[in-house]
Ligand code: 48H
Ligand code: FE2
């Protein structure tokens, strides 16, 4: 059968915009496709919610591809092993409470699992702002302002478009980009000790891993922080190339938001 290039174009346009249009009113928008974001996306989609994940780069995975210093193996602790094995990532025990996995296998499998669970993945798309509304004197995040990453990278003056979401997950990692924008542009107080972003501290893996899960919460009405962004927001430590806390943070944010959405 001969191929018609115009049909190929039409197939892409129609199916892509079907996906895009079905994201106009999301239950959950996740910003950042690192380990925490990918895990949250998979679990929320598996629960049947309308969820989309936005990633600036072409590939999902964030800081997980390179293991530690490009030595591409990752370490996780026992409590988080299920978040790899549930999706089929092989893990090997190393001493008592340490498990290793191939960083590429873990990254690609978590990305694939999120996608196949029904999370809509928009790669090459950057979230540059949030949408706010105020009711009875309380401001709330009600959506995301997105642009094409090449527009952002080229510094072109092209205005963004907007999608609505009941909840937003800030999973942009160390830089806490979305929250930084919210705080910079608006007179708002976060649910943190100072009311602002506390900033990340130096290396202390054990405490950092515990705090990553503790700090995963609603930091502003409608906006949850997860992964490294949670630690940076609440002033905890970094942990280096151990990823269990990131996976558990994704699991926690998914469970907390699912509970809210189910009322
Ligand atoms: C769209 C964006 C935007 C934006 C950023 O950094 P990540 O891997 O995120 P986490 O928190 O799931 O995992 C952190 C982990 O990788 C890590 O760095 C650890 C454990 N560090 C310990 C240490 O001591 O250093 O991924 C975040 C993703 C990236 O892919 C970005 O490209 C993406 O978010 N992103 N996507 N719009 N505005 N900002
Ligand atoms: Fe990091």
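The values are calculated or read from the model by the stated rules, or taken from the named source; none is laboratory data. Quick caveat: nothing in here was measured; it's all calculated off a predicted structure. Here the Cβ positions follow ideal geometry from the backbone for every residue, glycine too, while neighbour counts run over all protein chains shown.
The set of residues in the range 231-258 that are in a helix (DSSP H, G or I), within 13 Å of ligand 2 (Cβ to nearest atom) and either without any contact (Cβ under 8 Å) to a residue 60 or more places away in the chain or closer than 27 Å to residue 137 by Cβ (or both) comprises 231, 232. Of everything in the range 44-66 that is in a helix (DSSP H, G or I) and buried (at least 20 other Cβ atoms within 10 Å of the Cβ), the residue that is farthest from ligand 1 (Cβ to nearest atom) is 45.
Considered as a group, the residues in the range 148-178 that are touching a helix residue (DSSP H, G or I) at 6+ places or on another chain (Cβ under 6 Å) and outside any loop (DSSP other than H, G, I, E, B) include one that is surrounded by the fewest Cβ atoms within 10 Å (Cβ to Cβ), and that residue is 174. Look through 100, 39, 108 and report the one residue that is in a helix (DSSP H, G or I) and surrounded by fewer than 20 Cβ atoms within 10 Å (Cβ to Cβ). Testing whether each residue is in a helix (DSSP H, G or I) and surrounded by fewer than 20 Cβ atoms within 10 Å (Cβ to Cβ) leaves just 108. Within the range 198-214, take every residue that is in contact with a helix residue (DSSP H, G or I) (Cβ under 7 Å, 6 or more places away or on another chain) and away from ligand 2 (no atom under 15 Å from the Cβ) and give me the one that is farthest from residue 167 (Cα to Cα). Ranking the candidates gives 198 first.
Restricting 230, 255 to residues that are surrounded by fewer than 22 Cβ atoms within 10 Å (Cβ to Cβ), in contact with a helix residue (DSSP H, G or I) (Cβ under 9 Å, 6 or more places away or on another chain) and either at pLDDT 95 or above or closer than 19 Å to residue 200 by Cα (or both) narrows the list to 255.
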